[in-house]
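Q: Have a look at this one.
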Amino acid sequence: MKRSSRTMALSLSLSLALALCAIAGPAWAQAKTELTVVLSSFAGETLDPVLQGHLVKYYLSPMFDYLVGTTPDGTPSPAGGIAIKWENSADHKRWTFHLRKGVKFHNGDELTSEDVKFSLQRAMSKRSTTGYAGPLRTLIQDIETPAPDRVVIVTKESTLIIPTYLSRSLSTEGMVLPKKYIEANGDDVFARKPVGSGPYRFVEQVTGAHIKLTAMDTHWRTGTPKYKNLTFKVVPEETTRIALLRRGEGDIVEVSRERVKELQKEGYPIHFRKEEAILHAYWVLGPDGRVGPTKDKRVREALNLAIDRNEIAQAIFGGHADPAAIPMGLSWSFKDIGFKVTPDMQYAYDVPRAKKLLAEAGHATGFPLDIYAFQLPGLPEGKAFAEALAGYWEKVGIKPRLIPVDYPAYRKLWVDRKAPEAVGYYNIANRDWIGTYALLEKMAYGPSKPNDTANDPEADAMIAQVMRQTDREKINTLMRNIYTRLRSEHVGVPVVYLHSPYATAKTLGKWTPGTVMYDLFLEQLAAGK
Amino acid sequence: MAADPVDGTLALPEAPTRPAAGARGRRLPLLPIGIIATFIVVAALAPLLSPASPYEQSLRHRFTPPAWEDGGAWAHPLGTDRLGRDMLARIMYGARVSLAAGVLTVLLASAFGAAVGLVAGYYGGRVDAVLMRMTDATMSFPVILLALILAVTVGPSFFNVVLAIAVILWARYARVIRGEVLTLMELDFIAQARIAGAGAGRIITRHLAPNTLNTLVVLVTLQIGYVIIVEASLSFLGAGIPPPTPAWGSMIAEGRDFVTSAWWVSLLPGLAILLVVLAFNLLGDWLRDTLDPKLRQL
Amino acid sequence: MIRFVCFRLLQSLIALAILSVVVFVLARATGDPLHMILPMSATEEDYANARQYLGLDRPYVEQYLTFVGRAATGDFGNSIRARRPVSEILRERLPNSLRLALFAMTVSLAMAFPLGVLAAVKKGTGLDRAAQVISVLGQSLPSFWVAIILVEFVAGRWQWLPAGGNEGFTSYILPGFTLGWFVVAGLMRLLRSGMLEVLDSEYVKLARLKGVAESRVVWMHALKNALIPVVTFAGIYFSILVTTAIVVETVFAWPGLGRLAYEGISSRDFPVIQAVVLTTAAIVTVVNLAVDLLYAVIDPRIRYAR
């Protein structure tokens, strides 16, 4: 009698304990077939590649294939894309892509050159709002499909940029979409139920909450995937993201640089994308160029010398940043173009010299300076950073005025040139030399570009020349000279290179997040490579 | 019922079942009053009392713990924040900003709201209907959304915060005061005053308004705390009183990622808010119980 | 009574119409959504194209009339950022907000009842004071702070409850509690004073004299009467919950209306801003109307329709 009641009590308490665990315990039951990625923002949350650029790559790259694939470090590679080979004509005006055979979309349709042509036209259409739709529109004259496995892109001018612009390393223009499916069902249905050819297919989306994908049985990009289900969650508050990590409900979690130490102490592996962006501050131009005291090169140099980049890196960015020396210097391109940052190019922290320069320029008593303070995706420390800038410049006599805004409001002022000489900043995503050229053409090039921040005719001339070159050596020389010029003219305040941390579950295993903009190369993880 | 039709003082009839409505006794709530007084003094004398400037940054000394912790120093008794600014100084100066925001907002809202409520209650009919629908429409607009829209349109600032909250808050006063006025209008002394020839203006200002004062005082006291809390939420969303101005709400928002690592950055201003708001709420409760326990819907 | 209801309904519709103009103007004052969706390199022509494609280049009056005309049928246009019908997004998010508000309301009532009854019955004692402080505490703490502390400790460190999202019943608990604690004080106060009043009434004194057990006195007679104001004001507090959930939704990653509004404002997405404000206003208006009706029915001394 006693024994049976004891057994009953034991089994009862055991089942009770199990039940409690099931209700309230951490999700260690989350089997290794699930991978959950927790991000702070999904941007527009649209699933149609042409409606947004950049940020959506996080969750669209597993679903779609690119015409030109890349390795995790951004080098175009035949192994990762639809094109297994590409070649250019002698005059660099005809680019021929040979396509992989036997690729099927998630709905069973075969992927042919028609789909590639359709996708590219769609990316360049009026409806498209991707990052490089504009340049492609001006550059591409025609798209030919001589065979189901061959596409020829004809450009109006000689250019080297076509493969990179259609690759995984930049934005979404290179994604190949299913022509038959979209034409049959329309854009709206496609945006809600996207169909691609990538290793993962779409399952469901709850806006503001998550996007769920599930693996295809096998795929040429990954083989048999390790993770059957891939879920992307959007959680704006960092404390909550970290709580998800601790509870085992997030395997890869976007964290800010300050929390890294705390998580490392608890044993969570942190993967860094080193130098993922350069934090670059600059002065907004007036309608006709530079205005006010910053017209004088000495003032611009002084403002550069007045900030302690090492201290900023340590204090604001938790040590996960390195001082930057070149305005808009996208370091991932430096090795491509053979550019070396020598020690004398680094800005010293030299307050006396800064004051001296200001006095020489006639501003010994300082001058008022507006600093816009805002946060950006990937830069949660934005406002603190702006405050720090103000603090440093105050010490050399400047009278800074901090203006908190949100980024859209600031962008309008910048682009409309309604806040001349105000200080703004951006964390410019690092990229290879072609991407760098694209960036310089936007942000450092005067002619008809409202986003210009450099206001330097010599740099303009050099950038214009790059556009027309097809000789790599000449291009490299030009770009080196451009950077040297930007630096010697102090066109902005390059502050630090930011390393972006991703905290992962302890059971995740080996993962190389790679160095491609907005792309975590998750299928690498899946394949256990 | 004793009523003086000339100056409008009125002894309202006691509800027949009520003995000394035993709340917490007639004693003054010394603790809440003490807390509020302390903070007001600190706010007023902040420049004299504060050990340092609340704006001076020193990145080298960021995140210094309070003096009694390991690594703390008495140079910064309550530690420093993320940019190395002294926490004690920021809390003291923050009292000015937070209290000023609370009081100013509530004064604006109550003045306008009471006026609307008085007019609506007195005139009734179409005037009342129009004013009350306006009030309803206003009350249904979420405060935080309006403040966000303002912040995004003209930029966050102290006055935008006050304006955004006051523009919605007045509706609450209007509704409550109107309710009061409706009750008062049923009483004889208003009819008597009218017969005596008093015009609308006189009746409203001399007879109705003074009798709604109790309600107003209670509501105002209770709402100051509410406004301080709303400012904190706005700062959390990026639409509050902007940096580098020290305001308790913004300070908590800035420290929210360091809840365990640098707990003093968010906990201390949080305690300040808690003490002040709790004090105002308790004081308001006592006032209500003392002045007119019938105001239970507040 | 019917006349009163119809009259009030009409007035509420007029109020909503005025609100629609206000929100239309406010939404457009926030700025240009195109800056958010077009890339940095977009030219003037790109902007013009996009503007035309999205219908933003038509005269304001025309835009307003289209907006109102469609809104009456529940069509709020397409979100500029998400390029989908706003009504679809609303349909996804609104139930989440409503459910959370309901849960929060339940939590508040569950807390307010014992606290209020206790305070009334033990009036004047330390327990009364303690109950008071506990409920007022909820009103004296910024909700985002409570939320973050709960997420950090209860969800993250001790791992008792989920941290975010809305999958499963347990994920309602933390956000529901955070939202609900804020209004506990008001409800508790109502209950307490209502009960005090009844407990002192002649009716109850008579019951006591007759020898009815004290607990019966409390629960059966006093509570029933004290419930009335609580119920009527629960309705108002419900609307407070729906409209102030934005902070809680952000911390707990709850896919509700609050976050939708925030995202809409951040991206200057006019249709979304308009839709959310009007929807929330409609909910609050309906609730207010119901409460007013209830109040007028219960307490005929207060004349509403004059």
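Q: Is there any pair linking a residue in the range A:315-335 that is under 15 Å from A:Arg257 (Cβ atoms) to one that is of a type in the set (D, E, K, R) and surrounded by fewer than 19 Cβ atoms within 10 Å (Cβ to Cβ), with Cβ under 8 Å and at least six apart or on different chains, and which?
A: Here the result reads A:Ala315/B:Arg60; A:Gly318/A:Lys261, each pair linking the range A:315-335 to a residue that is of a type in the set (D, E, K, R) and surrounded by fewer than 19 Cβ atoms within 10 Å (Cβ to Cβ).
Q: Look at A:Gln465 and say whether it is assigned to a helix (DSSP H, G or I) and closer than 22 Å to A:Leu39 by Cβ.
A: No.
Q: Turning to a different aspect of this structure: If we keep just the residues of the range B:156-197 that are in contact (Cβ under 8 Å) with a residue 24 or more places away in the chain, of a type in the set (Gly, Ala, Ser) and over 25 Å from B:Val220 (Cα atoms), which is nearest to the other protein chains (Cβ to nearest Cβ)?
A: B:Ala193
Q: Separate question: Count, please, the residues in the range A:131-158 that happen to be in contact with a helix residue (DSSP H, G or I) (Cβ under 6 Å, 6 or more places away or on another chain) and of a type in the set (Ser, Thr, Tyr).
A: Number satisfying all stated conditions: 3.
Q: Being of a type outside the set (Phe, Trp, Tyr) and surrounded by fewer than 22 Cβ atoms within 10 Å (Cβ to Cβ) is the requirement here; does A:Leu160 meet it?
A: Considered against the rule, which asks whether it is of a type outside the set (Phe, Trp, Tyr) and surrounded by fewer than 22 Cβ atoms within 10 Å (Cβ to Cβ), A:Leu160 comes out as yes.
Q: I'm trying to understand the selection: among the residues of the range A:419-451, which are under 19 Å from A:Arg300 (Cα atoms), more than 20 Å from the chain's Cα centre (by Cα) and of a type outside the set (Phe, Trp, Tyr)?
A: Within the range A:419-451, A:Ala419, A:Pro420, A:Glu421, A:Ala422, A:Val423, A:Gly446 qualify.
Q: Can you tell me how many residues in the range A:224-258 are farther than 17 Å from A:Leu47 by Cβ and within 12 Å of another protein chain (Cβ to nearest Cβ)?
A: So the answer is 21.
Q: Restricting the range C:281-296 to residues that are over 10 Å from C:Val23 (Cβ atoms) and either crowded, with 24+ Cβ neighbours inside 10 Å or of a type in the set (Val, Ile, Thr) (or both), which is nearest to the other protein chains (Cβ to nearest Cβ)?
A: C:Val284
Q: Let me ask you something else. For the range C:110-129, name all the residues that are more than 12 Å from chain B (Cβ to nearest Cβ) and closer than 14 Å to C:Ala185 by Cα.
A: C:Ala110, C:Met111, C:Ala112, C:Phe113, C:Pro114, C:Leu115, C:Val117, C:Leu118
Q: Same structure, new question: If you scan the range C:74-109, which residues turn out to be surrounded by fewer than 20 Cβ atoms within 10 Å (Cβ to Cβ), away from chain A (no Cβ under 14 Å), more than 18 Å from the chain's Cα centre (by Cα) and not charged (D, E, K, R)?
A: C:Gly74
Q: Can you find a residue that is more than 25 Å from the chain's Cα centre (by Cα), buried (at least 17 other Cβ atoms within 10 Å of the Cβ) and within 14 Å of another protein chain (Cβ to nearest Cβ) anywhere in the range A:406-417?
A: no
Q: Only one residue in A:Glu34, A:Glu45 is within 30 Å of A:Arg257 (Cβ to Cβ), within 14 Å of another protein chain (Cβ to nearest Cβ) and modelled with pLDDT of 85 or more. Which one?
A: After applying the criteria, what remains is A:Glu34.
Q: Moving to a separate point now. Quick one: in the range A:89-99, which of the residues that are in contact (Cβ under 8 Å) with a residue 40 or more places away in the chain and either part of a loop (DSSP other than H, G, I, E, B) or not hydroxyl-bearing (Ser, Thr, Tyr) (or both) is surrounded by the fewest Cβ atoms within 10 Å (Cβ to Cβ)?
A: A:Asp91
Q: Same structure, new question: Please go through the range B:135-148 and pick out each residue that is touching a residue at least 12 places away in the same chain (Cβ under 8 Å) and assigned to a helix (DSSP H, G or I).
A: Of everything in the range B:135-148, those that are touching a residue at least 12 places away in the same chain (Cβ under 8 Å) and assigned to a helix (DSSP H, G or I) turn out to be B:Thr135, B:Asp136, B:Thr138, B:Met139, B:Val143, B:Ile144, B:Leu146, B:Ala147, B:Leu148.
Okay, residues lined up against (1) under 20 Å from A:Leu413 (Cβ atoms); (2) surrounded by fewer than 13 Cβ atoms within 10 Å (Cβ to Cβ); (3) more than 14 Å from chain B (Cβ to nearest Cβ); (4) of a type outside the set (A, V, I, L, M, F, W, C):
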| site | (1), (2), (3), (4) |
| --- | --- |
| C:Pro33 | yes, no, no, yes |
| C:Glu44 | yes, yes, yes, yes |
| C:Tyr64 | no, no, yes, yes |
| C:Ala72 | no, yes, yes, no |
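Q: Could I ask something else about it? Can you say whether B:Gly125 is surrounded by fewer than 24 Cβ atoms within 10 Å (Cβ to Cβ), in contact with a His (Cβ under 9 Å, 6 or more places away or on another chain) and more than 17 Å from B:Ala232 (Cβ to Cβ), as far as the supplied structure shows?
A: No; evaluated as a whole, the condition is false for this residue.
Yes or no, residue by residue, for (1) surrounded by 22 or more Cβ atoms within 10 Å (Cβ to Cβ); (2) charged (D, E, K, R):
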position: A:Val341; (1), (2): no, no
position: A:Leu357; (1), (2): yes, no
position: A:Glu360; (1), (2): no, yes
position: A:Ile398; (1), (2): yes, no
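Q: Among C:Phe169, C:Phe144, which is under 27 Å from A:Val206 (Cα atoms), among the aromatic types (Phe, Trp, Tyr) and in contact with a Ser or Thr (Cβ under 9 Å, 6 or more places away or on another chain)?
A: None of the others qualify; the one that does is C:Phe144.
Q: Scan the range A:199-223 and report the pairs whose first residue is away from chain C (no Cβ under 14 Å) and whose second residue is surrounded by fewer than 22 Cβ atoms within 10 Å (Cβ to Cβ) and of a type in the set (Ser, Thr, Tyr), with Cβ atoms within less than 6 Å and a gap of 6+ or a chain change.
A: A:Val203/A:Thr214; A:Thr218/A:Thr224
Q: Regarding the range C:229-246, can at least one residue be identified that is away from chain A (no Cβ under 14 Å), surrounded by fewer than 24 Cβ atoms within 10 Å (Cβ to Cβ), within 25 Å of C:Met36 (Cα to Cα) and at pLDDT below 90?
A: No, because not a single residue in the range C:229-246 is away from chain A (no Cβ under 14 Å), surrounded by fewer than 24 Cβ atoms within 10 Å (Cβ to Cβ), within 25 Å of C:Met36 (Cα to Cα) and at pLDDT below 90.
Q: Just checking, does the range C:140-162 include any residue being buried (at least 20 other Cβ atoms within 10 Å of the Cβ) and over 22 Å from A:Thr240 (Cα atoms)?
A: yes
Q: Could you tell me whether any residue of the range B:212-231 is out of contact with any Asp or Glu (no Cβ under 8 Å at 6 or more places or on another chain) and surrounded by fewer than 18 Cβ atoms within 10 Å (Cβ to Cβ)?
A: yes
Q: Looking only at the range B:163-181, count every residue that is crowded, with 24+ Cβ neighbours inside 10 Å and within 30 Å of A:Tyr372 (Cα to Cα) and tell me the total.
A: Qualifying residue count for the region: 2.
Q: Okay, moving on. For the range B:234-251, state whether one or more residues are within 30 Å of B:Leu213 (Cα to Cα), at pLDDT 85 or above, of a type outside the set (Lys, Arg) and buried (at least 21 other Cβ atoms within 10 Å of the Cβ).
A: The answer is no; no qualifying residue exists.
Q: With the structure loaded, tell me whether B:Val116 is more than 11 Å from every other protein chain (Cβ to nearest Cβ) and at pLDDT below 90 or whether it fails that test.
A: Judged against the criteria, B:Val116 is not a match.
Q: Taking the conditions exactly as written (in a helix (DSSP H, G or I), out of contact with any strand residue (DSSP E or B) (no Cβ under 9 Å at 6 or more places or on another chain), at pLDDT below 90 and crowded, with 21+ Cβ neighbours inside 10 Å), does B:Thr105 satisfy them or not?
A: No: the conditions fail for B:Thr105.
Q: What are the residues in the range C:167-186 that are within 9 Å of another protein chain (Cβ to nearest Cβ), of a type outside the set (Gly, Ala, Ser) and crowded, with 21+ Cβ neighbours inside 10 Å, if any?
A: C:Phe182
The values are calculated or read from the model by the stated rules, or taken from the named source; none is laboratory data. None of the values given here were measured: they were computed from a predicted structure. Note: ideal-geometry Cβ built from the backbone for every residue, glycine included; neighbour counts use all protein chains shown.
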